[in-house]
Structure formats: structure tokens, C-alpha cells
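Working notes, beginning with the structure itself.
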Amino acid sequence: MDRPVVVAVIAEKGGVGKTTLSLTLAVAAVLAGRKVAVLDTDPQSTASKWTDRRDAEMPWVVPTHAARLGAAIEQARLQGVDFIVIDTPPHSSADATEAARRADLVLAPVEPHLFTLETLPKLADLLKIAGTAPALVVINKAAVQGTEARDAIEHVKAQGFEVCPVVLYLRAAHRHAGNVGKVAAEHEPRGKAADEALQLYEYTLRHITRSREHAETQSTRARA
Ligand SMILES: Nc1ncnc2c1ncn2[C@@H]1O[C@H](COP(=O)(O)OP(=O)(O)O)[C@@H](O)[C@H]1O
Ligand SMILES: [Mg+2]
């Protein structure tokens with residue numbers, strides 16, 4: 001069977017939305033008909049506790065240690081999982097690097113204000129150490145009004161990062177949903193947060209498909 005898609009969600013700071021982004025993406029993949037696992041490497045177990053409040057079986061949330069990610073991914077693959085999201089703890093470059101190494105795509109949520117934007121150089125260093133996985137910075141919790149999202153996109157691009165064009169705006173549905181073991185798309189299926197989640201999922205999947213195809217072309221060329 002094909003290798004599952006692996007997305008790592010990393011950020012130096014706590015509270016910027018790593019777990020929300022992980023679960024949002026995981027449930028979007030479930031709604032798209034995939035078999036999904038979230039590998040929860042955060043000792044705070046936010047994703048694992050979320051699943052305790054949840055009725056639905058999917059996504060599976062598997063608590064694991066970053067050092068065991070290889071085995072956890074392989075186990076998930078053997079059980080037919082085709083979409084994996086790795087949620088990571090803050091303030092642990094070692095765990096984040098390990099997750100990034102295993103990923104087809106790294107997603108790095110940032111809040112559009114200086115305190116988190118200041119952590120970007122550290123993210124750049126980490127991605128360098130982790131190697132070649134493509135990375136997208138995702139603007140999260142942007143104010144709906146005003147130019148905050150647009151300004152943050154420009155700022156992040158100017159620092160040399162690729163930015164996800166889909167912005168996740170500050171929407172109460174994320175918080176309300178988390179409290180009851182859901183994501184915004186389940187809590188308010190017709191809401192704007194649900195729409196953003198679907199767009200984010202589709203964009204990341206297209207991104208991964210493109211970079212996998214590119215990698216295959218490169219290796220075919222190298223063999224020829
Ligand atoms: N786009 C958003 N809009 C509103 N609240 C959000 C959004 N993203 C995250 N949150 C809230 O922010 C808090 C921290 O998010 P969380 O995903 O736990 O961050 P992290 O995993 O990076 O520590 C949670 O209460 C979550 O519901
Ligand atoms: Mg978290």
C-alpha cells in the first residue's frame with residue numbers, strides 16, 4: 001500500500017493553534033473519506049484529551065513520543081491509515097525537528113502579531129536541521145476586520161517563508177467545538193471556520209501531491 005500522507009504541525013510557542021490546526025486538518029481529512037490518525041507527541045496530551053470528549057471513532061488519536069514516530073507511522077500504515085497529522089509540544093526543538101523529518105509537509109501556525117512573528121528565525125533554523133520537507137506558515141487567529149492577515153502574510157513572506165494562502169481567522173467556533181470534542185466544521189458545518197478548514201485541507205493536499213510528483217520526477221531523472 002502507498003505511503004500515508006504525513007503532515008507535521010510545529011511551532012515554538014504554546015497557544016498559537018498547533019493542536020487546533022492538527023485536529024481541524026485531521027477531521028477535514030475524515031470528512032473527505034480518509035482513514036486518519038493524529039500522533040500526539042505533546043506531553044500535555046491536548047489532542048488525546050479532546051478525543052476522550054468525542055463520540056466519533058475517527059480520527060484516531062494516538063499518544064506517542066517523538067522518538068517513536070517512525071514506528072507509530074508504520075503501525076498506522078499497516079492499519080490502513082492514509083492520512084497522518086503529528087501534533088507537537090511547544091518549546092521542544094528536538095521533538096519538532098523529529099516530526100518535521102518524518103513529514104511530507106510541515107505546517108507552522110503563527111499568530112499575526114510580533115510576539116509570534118519574532119519566533120520565525122528559530123523556525124527557519126529548525127527546518128534547516130530537519131532537512132527537505134516543504135513548510136508552510138499558516139496565519140491563525142487573524143482578526144476578521146482590518147489588514148492584519150494581509151500584513152502578516154507579507155511580513156512572513158519577506159522573511160523567506162512560503163505562506164499558506166488560506167488564513168484561519170479568529171473564530172469562536174474553534175474554541176466552542178474543542179470543548180465538546182469536535183472541530184469547528186462539525187460544530188457549525190455551514191460556518192466560516194468550516195469553510196476555511198476545507199480550503200486548508202484541499203490546499204495542503206494539493207501541495208503534498210505536487211511535491212511528491214516533483215520528487216518522483218527528480219528520482220526518475222536521476223535513474224535515467
Ligand atoms: N482560529 C482560531 N480562532 C479562535 N480560537 C482559536 C483558533 N485557533 C486556536 N484557538 C484557541 O486558542 C487556544 C490555544 O489553541 P491550541 O490549538 O491549543 O494551541 P497550541 O496547541 O499551539 O498550544 C485554544 O483555546 C483554541 O481553541
Ligand atoms: Mg497543543
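Which net charge results for the neighbourhood of Val5, defined as the other residues with beta-carbon distances under 14 angstrom from its beta-carbon, given Lys and Arg at +1 and Asp and Glu at -1?
Residues near Val5 contribute +3 overall.
Under 13 Å from a label point 7 Å along Cα→Cβ of Lys157: give me every residue in segment 106-128 with its amide N that close. Counting only backbone N, you get no residues.
Report the net charge of residues surrounding Arg68, where surrounding means a beta-carbon distance below 13 angstrom and charges are Lys +1, Arg +1, Asp -1, Glu -1. Don't jump to the answer; show the numbers that get you there.
Details: positive: Arg102; negative: Asp40, Glu74, Asp95, Glu98.
Residues close to Arg68 contribute a combined charge of -3.
Please return the longest range in the chain lying between exposed loop sites, taking trypsin sites (Lys or Arg not before Pro), DSSP loop only, at most 14 other beta-carbon atoms within 10 Å, and leaving the sites out.
Working: sites that count: Arg53, Arg190.
Longest run free of exposed loop sites: 54-189.
Based on the inverse mean of 1/r over its pairs of different Cα atoms, what is the Kirkwood hydrodynamic radius of segment 5-223, in Å?
The answer is 17.3 Å.
In this simple spin-label approximation, Gln44 and Arg212 carry label points 7 Å from Cα along the Cα→Cβ vector, and these lie 3.2 nm apart. With the simple spin-label model, which puts each label point 7 Å out from Cα in the Cβ direction, the Thr220 to Leu114 separation comes to 5.0 nm.
Can you classify segment 124-224 as rounded, prolate or oblate using the Cα gyration tensor, where a ≥ b ≥ c are the square roots of its eigenvalues, rounded means a/c under 1.5, and otherwise it's prolate if a/b beats b/c and oblate if not? It would help to have the intermediate numbers written out before the result.
Numbers: a/c = 2.57, a/b = 1.67, b/c = 1.54.
The shape class here is prolate.
Our note on the geometry: Cα centres of segment 169-207 and segment 3-21, 15 Å apart. Which pairs, out of Lys18/Lys192; Lys49/Lys128; Lys35/Lys157; Lys141/Lys182; Lys13/Lys192, put more than 24 Å between their alpha-carbon atoms? From the list (Lys18/Lys192; Lys49/Lys128; Lys35/Lys157; Lys141/Lys182; Lys13/Lys192), the Cα-Cα distance tops 24 Å for Lys49/Lys128; Lys35/Lys157; Lys13/Lys192.
Which whole-number percent gives the relative contact order of the chain, counting Cα pairs below 8 Å spaced six or more residues apart? Don't skip to the answer; put the middle values down first.
Details: 403 pairs, mean separation 51.8, N = 224.
It comes to 23 percent, rounded to a whole number.
Based on a Kirkwood Rh over C-alpha pairs, give the Stokes-Einstein translational diffusion coefficient of segment 14-120 at 10 °C and viscosity 1.306 mPa s in µm²/s. Could you put the intermediate results ahead of the total?
Numbers: Rh = 14.2 Å.
Calculated translational D: 112 µm²/s.
Summing +1 for each Lys or Arg and -1 for each Asp or Glu among the other residues whose beta-carbon sits under 14 angstrom from that of Ile208 gives -1.
None of the figures in this text is laboratory data; all of them are computed from the coordinates on show. If you're wondering where the values come from, they're calculated on a predicted model, not measured in any experiment. Glycine gets a Cβ as well: all are built from the backbone with ideal geometry, and neighbour counts include every protein chain shown.
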